[in-house]
Amino acid sequence: MDNLPFVRNSLEWVAYFQQNAAELRVIPWESGANVTEAELSAIAASLRGWQLGETSDGSHLLAAARHYASAIGDPDFIDAVRFFIAEEQRHGGNLGHFLDLAGVERANSDWGDSLFRAIRYALPRMEVWATPVVMVETHAMVYYNAVRRATGSPVLRAICEQILADEVAHIRFQCERLAILHRRRPRWLHNVTMGLHRVLFAGIMVAVWMGPAGVAGRRL
Ligand SMILES: [Fe+2]
Ligand SMILES: [Fe+2]
């Protein structure tokens, strides 16, 4: 595997994810949802959308990771991705539990989530997978931080704090992989890639702004 300075190898990522799993914040579930009607009406729709987005069995990603790991001879990368998927599933599980406590029905489909999945599933390659994910995770940081600051619910605040802490590492995980993937690209192709990134990022930003999260953000 390419050795880039400051880039963790897959075994180091596995160790990080294991340690992170052992040091999770306590979520005070016993206090209930503890959320006001006004808060709920502002965030319920967006929370349902993000909860769905965090919920996946990870099979498509795992297939892409297996293919990629065997191509570069790094079997430990598959384990690192397994831990990453488990963290996303924990986010979805915690948000889902919060929605249940608040009496809000979980979402089964969401156009933004469907569009996002379609992009990733169209081409089962690590780059096609990691690029939109890191862009969405960047927006997730803004969203969960806004909810954390706005809500009076100790449970929701704790969930958001844990997600925010996890996402910092997730963004680094994706960025490192993209740096490895882009590293040997000729300059012209690198420039094309960066141009496409800008278009995709702008598209995701508009989609988030137009969707329930954007509506909630303007109300919070
Ligand atoms: Fe997440
Ligand atoms: Fe994430």
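The table that follows gives values for the structure above.
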{"read-out": "Qualifying residue in region 89-109 (condition: of a type in the set (Ser, Thr, Tyr), away from ligand 2 (no atom under 14 Å from the Cβ), on the phi < 0 side of the Ramachandran plot and surrounded by 12 or more Cβ atoms within 10 Å (Cβ to Cβ))", "value": "no"}
{"read-out": "Single unsatisfied condition, PRO124 versus (1) surrounded by 16 or more Cβ atoms within 10 Å (Cβ to Cβ); (2) away from ligand 2 (no atom under 12 Å from the Cβ); (3) more than 27 Å from LEU11 (Cβ to Cβ)", "value": "(3)"}
{"read-out": "Residue in region 74-109 that is nearest to ligand 1 (Cβ to nearest atom), counting only those that are acidic (Asp, Glu) and under 13 Å from the mean Cα position of the chain (by Cα)", "value": "GLU88"}
{"read-out": "Checking ALA202 against (1) at pLDDT below 95; (2) over 30 Å from ASN9 (Cβ atoms); (3) not basic (Lys, Arg), the condition it does not meet", "value": "(1)"}
{"read-out": "In region 40-60, residue surrounded by the fewest Cβ atoms within 10 Å (Cβ to Cβ) [restricted to those that are within 12 Å of ligand 2 (Cβ to nearest atom) and at pLDDT 90 or above]", "value": "GLU54"}
{"read-out": "Search result, residues across region 123-171 that are of a type in the set (Val, Ile, Thr) and closer than 22 Å to GLY96 by Cα", "value": "VAL133, VAL136, THR138, VAL142, VAL147, THR151, VAL155, ILE159, ILE163, VAL168"}
{"read-out": "Condition met for VAL134 (at pLDDT 90 or above, in a helix (DSSP H, G or I) and in contact with a Cys (Cβ under 9 Å, 6 or more places away or on another chain))", "value": "yes"}
{"read-out": "Check on ILE163, of a type in the set (Val, Ile, Thr), assigned to a helix (DSSP H, G or I) and modelled with pLDDT of 95 or more", "value": "yes"}
{"read-out": "Residues within region 79-97 that are touching a Ser or Thr at 6+ places or on another chain (Cβ under 8 Å) and among the hydrophobic types (A, V, I, L, M, F, W, C), tallied", "value": "2"}
{"read-out": "Residue within region 178-193 that is charged (D, E, K, R) and either within 12 Å of ligand 1 (Cβ to nearest atom) or under 14 Å from the mean Cα position of the chain (by Cα) (or both) present", "value": "no"}
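Okay, residues lined up against (1) in contact with a Ser or Thr (Cβ under 8 Å, 6 or more places away or on another chain); (2) more than 15 Å from ligand 2 (Cβ to nearest atom); (3) farther than 26 Å from ARG66 by Cβ:
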position	(1), (2), (3)
ARG148	no, yes, yes
PRO154	yes, yes, yes
ILE159	no, no, yes
VAL168	no, no, yes
ILE171	yes, no, no
CYS175	no, no, no
LEU196	no, yes, no
ALA202	no, yes, yes
ALA207	no, yes, yes
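Matching residues to (1) over 22 Å from HIS170 (Cβ atoms); (2) surrounded by 15 or more Cβ atoms within 10 Å (Cβ to Cβ); (3) modelled with pLDDT of 95 or more:
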residue	(1), (2), (3)
SER10	no, yes, yes
ALA71	yes, no, yes
ARG82	no, yes, yes
SER114	no, no, no
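The values are calculated or read from the model by the stated rules, or taken from the named source; none is laboratory data. Note that this is a predicted model, so its numbers are computed, not measured. Cβ sites come from the backbone with ideal geometry, for glycine too, and all protein chains shown count toward neighbours.
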